[in-house]
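Note sheet for the following structure.
The values are calculated or read from the model by the stated rules, or taken from the named source; none is laboratory data. Quick caveat: nothing in here was measured; it's all calculated off a predicted structure. Quick reminder, even Gly has a Cβ in these numbers, built from the backbone with ideal geometry, and neighbours come from all protein chains shown. Surface accessibility is based on the protein's heavy atoms, side chains included, excluding ligands, DNA and RNA. Shrake-Rupley method; radii C 1.70, N 1.55, O 1.52, S 1.80 Å.
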Amino acid sequence: AEVIGTTRFEAKKKSGGFIMLAGMMTMAVGRGASLIQQPFSYGRPIDGALFPAGTPKLGLGLAALGRPGYINLGRGEDLGEDRDVDSMKARCFKVLDAAHAGGVRYFDCARGYGLSEDFLAAWLAERQIQPDDVIVGTKWGYTYTADWRVALNEGEGPQSHEVKDHSLNNLIGHAAESEARLGRFVRLHQIHSATLESGVLSDAMVIDRLVRLRTDRGWKLGLSLSGPGQADTLAKALDVGIFDSVQATYNPMEDSVGGLLERAHQEHGMEVIVKEAMANGRVLQCEPMVAAAKERGVGVDALAIAALRAQAKAKFDPMVLSGAVTAEQARGNLGALELEVSNSDAAALFDACRVKPNDYWAERAGLEWN
C-alpha cells in the first residue's frame, strides 16, 4: 500500500486504515518505494537495575484505581457511588499524590486495568514528573471490556470485565497502546497473568517479539502470575530465560510460591514484585493479624506488609505493591516501611493466617466485582 503519512509507530495507508510498525521509525515513503526502517532506543541501559539502590520497596498498583469495579472487599465503603471517569481520575490522582509524597517511586498498571495507563500518564504530565524520577511497569494480555460498569447484566451489554489473549497480535497491539499513553516512562513490560494453560511461554513468536521489544525499546521484561499453578508457571519462565522480573501473589494467607521466588531472585537475578499483599482484603480479616496489630497499636495493613517484608527480605527482597484506593490507605500502607517485625513474629503470623493454596484461589475466584 502507498504510505501517505507517518507517526512514530503508525503508518497511515491511503485507504484510511493503519498498519503497525512497532519499535521502528519509518524513514521513507512513496508509491513503489520500500519502507526503510531503523530501530530506535531510548538510551536507558538495558542492563541497568530495574529498581536502583535506595528505591523504597513499596509500590502502588493501579488495578483498583483505573476502573469502577474490582474484587477487593469493602470497595463500596471505600469508593461510595461516585465512580464516573472524572471521579475515578480525581481519586487516582489523590492516591498517587499521597504515595509519591510518601516516597513511592514504582507504579504498576496494565492495559486490562481500565484507564490506569491514561490516569497515570495524565498525573505524570500534570505533576511535571520526569521519566528518570519514577519507575513505571505495565502489562499486556488482558483487555478491559466492562464498558465502565461494575455490575454486568446477563444477556445485556458486556459479559465480562476483561478478556485474556496472549497472542502475538495482542502483544503487538498492547505494546503500541501502552507506549502511546506512557511513552518514555515505560520501564517494565510484563505478561499479564501468564499461565501454562495460555501457552504464552511456549509461543516462539511471542518470545521473539518480547526480546525485540527489549532490544528496540530498552524495556525490561517481566511476567505476572496467578492461580494455584504460580510455581509451575514460574519454573517454566526460568527455563525460557528472558525475564528480568516476576510479579506474584504472596501474602500471609498464600505463600506457596515463595521457594520459586527465592530461586528466581537468588539464582537468576530476577526482581520480585509482590501483588495482592492484602489478599484482596482477606488478610485484614485474619484474627491473629488483627489481634497482633491491636496489641502493637498499628494498622492491620501496615503490620501485614511489614510481616511480609520480614518474611521475604532475605530470600527475594520484594517490591510490595499497595492496592490503596484512598490517600489514607496509601499512607497507612507506607507505615509498614517504618515498622519492625522480627523473623519469628512474621513466621508466626504467616502460620496463623495461611490456608491451603487451592482453597485460597477458590475463594478468590468467588469474590464479586463491587
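Quick notes on this structure:
- Filtering the stretch 352-370 to residues that are of a type in the set (D, E, K, R) and surrounded by fewer than 16 Cβ atoms within 10 Å (Cβ to Cβ) leaves Lys356, Asp359, Glu363, Glu368.
- Considering residues of the stretch 283-313 that are of a type in the set (Gly, Ala, Ser) and over 18 Å from Asp351 (Cβ atoms) only, the residue nearest to the chain's Cα centre (by Cα): Ala302
- Some residue of the stretch 178-186 being in contact with an Asp or Glu (Cβ under 7 Å, 6 or more places away or on another chain), over 30 Å from Glu363 (Cα atoms), touching a residue at least 40 places away in the same chain (Cβ under 8 Å) and not hydrophobic (A, V, I, L, M, F, W, C): yes
- Leading residue by the ranking (modelled with the lowest pLDDT) among those in the stretch 47-97 that are closer than 22 Å to Leu284 by Cβ and β-branched (Val, Ile, Thr): Ile71
- Reported count of residues in the stretch 260-279, each being closer than 15 Å to Gly227 by Cα, open to solvent by 10 Å² or more (accessible area, probe 1.4 Å) and either in contact with a Cys (Cβ under 8 Å, 6 or more places away or on another chain) or in contact (Cβ under 8 Å) with a residue 40 or more places away in the chain (or both), is 2.
- Ser256 being closer than 17 Å to Pro357 by Cβ, in contact (Cβ under 8 Å) with a residue 12 or more places away in the chain and among the hydroxyl-bearing types (Ser, Thr, Tyr): yes
- Qualifying residue in the stretch 63-70 (condition: in a helix (DSSP H, G or I) and either crowded, with 17+ Cβ neighbours inside 10 Å or not charged (D, E, K, R) (or both)): no
- Residues being under 27 Å from Leu221 (Cβ atoms), touching a residue at least 60 places away in the same chain (Cβ under 8 Å), open to solvent by less than 50 Å² (accessible area, probe 1.4 Å) and assigned to a helix (DSSP H, G or I) are entirely absent from the stretch 318-327.
- For the stretch 285-297, filtering for residues that are touching a residue at least 12 places away in the same chain (Cβ under 8 Å) and buried (at least 18 other Cβ atoms within 10 Å of the Cβ) leaves 3.
- Residues of the stretch 162-201 that are among the small types (Gly, Ala, Ser), touching a helix residue (DSSP H, G or I) at 6+ places or on another chain (Cβ under 8 Å) and within 23 Å of Gln230 (Cα to Cα): Ser167, Ala194.
- Residue selected from the stretch 174-213 under the condition closer than 25 Å to Tyr106 by Cβ and among the small types (Gly, Ala, Ser), by the criterion surrounded by the most Cβ atoms within 10 Å (Cβ to Cβ): Ala194
- Residues that are more than 16 Å from the chain's Cα centre (by Cα) and either open to solvent by 40 Å² or more (accessible area, probe 1.4 Å) or of a type outside the set (Gly, Ala, Ser) (or both), drawn from the stretch 103-141: Trp123, Leu124, Ala125, Glu126, Arg127, Gln128, Ile129, Gln130, Pro131, Asp132, Asp133
- Residue identified as in contact with an Asp or Glu (Cβ under 7 Å, 6 or more places away or on another chain), touching a residue at least 24 places away in the same chain (Cβ under 8 Å) and not basic (Lys, Arg) among Leu221, Leu234, Leu201, Leu210: Leu221
- Once the stretch 147-173 is narrowed to residues that are under 19 Å from the mean Cα position of the chain (by Cα) and of a type in the set (A, V, I, L, M), the residue that is least open to solvent (accessible area, probe 1.4 Å) is Leu171.
- Matching residues in the stretch 230-244 - criterion: being crowded, with 18+ Cβ neighbours inside 10 Å, under 30 Å from Gln285 (Cα atoms) and not aliphatic (A, V, I, L, M): Gln230, Thr233
- Criterion: farther than 19 Å from Arg282 by Cβ, open to solvent by less than 50 Å² (accessible area, probe 1.4 Å) and hydrophobic (A, V, I, L, M, F, W, C) - qualifying residue of Leu303, Leu308, Leu339, Leu349: Leu339
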